[in-house]
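Participant: Starting off with a structure, shown below.
The values are calculated or read from the model by the stated rules, or taken from the named source; none is laboratory data. Everything numeric in this text was worked out from a predicted model, so none of it was measured. Here the Cβ positions follow ideal geometry from the backbone for every residue, glycine too, while neighbour counts run over all protein chains shown. Surface areas here come from the heavy atoms of the whole protein model, side chains and all, with no ligands, DNA or RNA. Shrake-Rupley method; radii C 1.70, N 1.55, O 1.52, S 1.80 Å.
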Amino acid sequence: PILVVDQPPTISSTGGPYSIVEGASFTLDAVAEEPGAANSNGLEFTWQLIVDGAAKPLANQAQKEITWQTLRGLGVGRAPAVYELRLVVNETGAVNQVAAVTTLQVMNAPPSVTINDPASGLVEGTPVTLTATASDPGSDDPGTLAFTWRVTRGGTRLPVESHQPQLTFLPPQD
């Protein structure tokens, strides 16, 4: 009799380490092989993201784009941070499996800010009100952002400063 011994698959690449900026997507890209001609069942891929010590299901295929919204939903928070990614590969219908670990580094992205444009309708001698809105892709709480307004005229700083999203001041007259 001929005895065929089924060998576990081998992972030749996890595609990592991965690195993104807050708000960005990335693509998992694993490569694994089944050794020997006796293995024709195919491979199953299981990716997990480790957040605060807990394994969170991430994907069930070798290549998969992972969006920032998916990461946020799994508990990825403020950057900078490094998370563990675990990959388990098994043969379909078999018990042979192999695992590998890589990392996902999430780097901080600067907040984006928009300032309203009061350029039209300004009347000399009347107060000017500026309002800013800002967002940070790494935070669901806009209250974590700090505002600092400074006003200059002709390169000279005016005695106007605020740490609120809105600033009202009276420009000096010519």
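Participant: Can you pull out every residue in the range 69-112 that is open to solvent by 70 Å² or more (accessible area, probe 1.4 Å), β-branched (V, I, T) and closer than 28 Å to P165 by Cβ?
Facilitator: none
Participant: Is there any pair with a first residue in the range 3-30 that is within 17 Å of Q61 (Cα to Cα) and without any contact (Cβ under 8 Å) to a residue 40 or more places away in the chain and a second that is in a loop (DSSP other than H, G, I, E, B) and not aromatic (F, W, Y) whose Cβ atoms are under 7 Å apart and which are 6 or more apart or on different chains, and what are they?
Facilitator: Matching pairs, first to second residue: S13/A30; D29/G15.
Participant: Would you point out which residue out of Q63, Q48, Q97 is touching a Ser or Thr at 6+ places or on another chain (Cβ under 7 Å) and among the polar types (S, T, N, Q)?
Facilitator: Of Q63, Q48, Q97, the one residue that is touching a Ser or Thr at 6+ places or on another chain (Cβ under 7 Å) and among the polar types (S, T, N, Q) is Q63.
Participant: Inspect all residues belonging to the range 114-134 and state whether any of them is within 23 Å of the chain's Cα centre (by Cα), at pLDDT 85 or above, under 28 Å from A24 (Cβ atoms) and loosely packed, with under 11 Cβ neighbours inside 10 Å.
Facilitator: Yes, because at least one residue in the range 114-134 is within 23 Å of the chain's Cα centre (by Cα), at pLDDT 85 or above, under 28 Å from A24 (Cβ atoms) and loosely packed, with under 11 Cβ neighbours inside 10 Å.
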